[in-house]
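Chemist: Have a look at this one.
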Amino acid sequence: MSVTQAFRLSEEERSLLPTDDEVEAYARSGWYLTRKLFTDEEVDELVAASERFYAGERSRTLPERPPRLAYWEPSKGAVQRHNDYIHYESDDIARILRKPIVGAVAARLARADEIRVFQSTLIYKPPIAGEPSNVVPWHFDRHYWQSCTSDDMLTAFIPFHDCDVELGTITMVDGSHRWEEIGADDTTTRHFADRDNTDLDRMLTENATHNHAEVRKVPMIIPKGHMSFHHCRTYHGSGPNVSPRPRRAISFHLQPGDNEYRRYHLSDGDVVTYNHDVLVRRTADGRPDYADPEFCPVLWRNA
């Protein structure tokens with residue numbers, strides 16, 4: 001199949017792409033709310049496939065478990081569930097995530113000719129208002145991707161239902177991706193689950209003050225079949241789920257085609273590693289290949 005055939009949109013799908021004005025707005029705000037990219041039937045299949053996954057169904061499993069893998073299992077109980085590499089372990093979920101319109105929207109926003117999967121995480125926020133793990137503190141994703149060369153990576157947040165504040169929807173700090181950062185140290189490369197929430201709140205406040213910026217928090221109100229995108233340097237978080245039903249979603253991390261592995265040294269000389277580094281194939285010069293089609297397939301390529 002040729003590139004033109006493989007990455008083609010219908011006229012109806014082209015009407016769903018961000019306009020030039022919306023691309024400019026994303027560049028200013030660091031986030032974007034899409035039109036309806038998935039049908040109700042596709043979203044319902046995501047729910048059904050996720051339930052099969054939780055019940056133990058796998059299309060395949062990772063050849064080994066990386067040291068920082070997020071992977072909820074029933075023994076962990078009624079906490080917020082995170083399961084990385086859902087696009088690899090569930091073909092039914094991957095088939096929907098890899099719908100070309102998703103990659104095409106990301107390519108428009110990132111102004112990239114190619115978009116590849118970087119990571120995907122299945123998320124289930126239980127309907128327990130006081131569950132501490134349901135609160136996601138303020139952070140931005142680029143901190144965890146220091147082994148990447150690209151500063152234009154982005155994430156699609158894909159809920160499996162109408163998603164609002166009651167459910168603990170994702171919330172963006174408007175324009176924060178354009179801030180000059182201060183106070184970063186080795187600890188910022190650690191996932192937010194391994195850091196103190198108070199420290200993360202302090203970092204947000206100090207960086208806003210340094211940039212003479214208002215911390216403008218914008219909850220993403222997302223209808224079923226729609227999704228949000230955010231820039232890899234946009235501060236975001238989410239509140240508790242105070243509804244009577246679970247919040248189900250996928251966090252779909254995406255990389256432009258020019259992203260590559262780089263060695264990133266901490267202050268003690270250690271090298272930052274990402275989960276991919278023990279899974280993906282190697283490039284000719286021995287680096288982890290973030291274009292490995294098995295784990296990082298192409299979603300969209302401009303003809």
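The values are calculated or read from the model by the stated rules, or taken from the named source; none is laboratory data. Only a predicted model underlies this, so the values are computations on that prediction, with no experimental measurement involved. Neighbour counts run over all protein chains shown; Cβ positions are idealised from the backbone, glycine included.
Chemist: State all residues of segment 141-152 that are aromatic (F, W, Y) and over 13 Å from R195 (Cα atoms); if no residue qualifies, say none.
Modeler: W145
Chemist: Oh, and also: Confirm whether V165 is more than 12 Å from H253 (Cβ to Cβ), among the β-branched types (V, I, T) and surrounded by fewer than 21 Cβ atoms within 10 Å (Cβ to Cβ).
Modeler: Yes: the conditions hold for V165.
Chemist: Here's something else I'd like to know. Which of the residues spanning segment 240-273 are of a type in the set (G, A, S) and farther than 24 Å from R287 by Cβ?
Modeler: Scanning segment 240-273 gives S243, A249, S251.
Chemist: Only one residue in Y32, Y88 is part of a helix (DSSP H, G or I) and buried (at least 20 other Cβ atoms within 10 Å of the Cβ). Which one?
Modeler: Y88
Chemist: Could you identify the single residue in T4, T39 that is at pLDDT below 95 and among the hydroxyl-bearing types (S, T, Y)?
Modeler: T4
Here is a yes/no grid of residues against (1) among the charged types (D, E, K, R); (2) under 25 Å from R14 (Cβ atoms); (3) assigned to a loop (DSSP other than H, G, I, E, B):
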site	(1), (2), (3)
E57	yes, no, yes
P67	no, no, yes
V79	no, no, yes
V102	no, yes, no
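Chemist: Only residues in segment 279-303 that are closer than 26 Å to P100 by Cβ count as the first member; pair them with residues that are modelled with pLDDT under 95 and surrounded by fewer than 16 Cβ atoms within 10 Å (Cβ to Cβ), Cβ under 7 angstrom, at least 6 apart or cross-chain, and list the lot.
Modeler: R301/V3; A303/V3; A303/T4
Chemist: Name the residues in segment 35-55 that are of a type in the set (A, V, I, L, M, F, W, C) and not in a loop (DSSP other than H, G, I, E, B), would you?
Modeler: V43, L46, V47, A48, A49, F53
Chemist: Any residue in segment 171-185 that's of a type in the set (F, W, Y): show its pairings with residues that are in a loop (DSSP other than H, G, I, E, B) and surrounded by fewer than 17 Cβ atoms within 10 Å (Cβ to Cβ) at Cβ separation under 6 Å, as long as the two are six or more apart or on different chains.
Modeler: Taking only residues 6 or more apart or on different chains, the pairs are W179/N211.
Chemist: Any chance you could count how many residues in segment 17-72 are within 15 Å of S90 (Cβ to Cβ), among the polar types (S, T, N, Q) and out of contact with any Lys or Arg (no Cβ under 7 Å at 6 or more places or on another chain)?
Modeler: Looking only at that region, the number is 2.
Chemist: Assuming R216 fulfils every condition listed in (1) under 25 Å from E180 (Cβ atoms); (2) in contact (Cβ under 8 Å) with a residue 60 or more places away in the chain apart from one, which condition is it?
Modeler: The single condition R216 does not satisfy is (2).
Chemist: Can you name the strands (runs of 3 or more DSSP E) wholly within segment 199-303 that have at least 3 residues being crowded, with 22+ Cβ neighbours inside 10 Å and of a type outside the set (S, T, N, Q)?
Modeler: 228-231, 247-256
Chemist: Would you point out the residue of segment 1-29, among those that are touching a residue at least 60 places away in the same chain (Cβ under 8 Å) and part of a helix (DSSP H, G or I), that is nearest to R98 (Cα to Cα)?
Modeler: Once the filter is applied, the top-ranked residue is A6.
Chemist: Now a separate question. Enumerate the pairs (first residue in segment 105-134 and under 24 Å from G168 (Cβ atoms); second residue anywhere and surrounded by fewer than 23 Cβ atoms within 10 Å (Cβ to Cβ) and charged (D, E, K, R)) with beta-carbon separation below 6 Å, excluding pairs fewer than 6 apart on the same chain, so at least 6 apart or on different chains.
Modeler: From residues that are under 24 Å from G168 (Cβ atoms), the pairs are T121/D84; Y124/R248; P127/R245.
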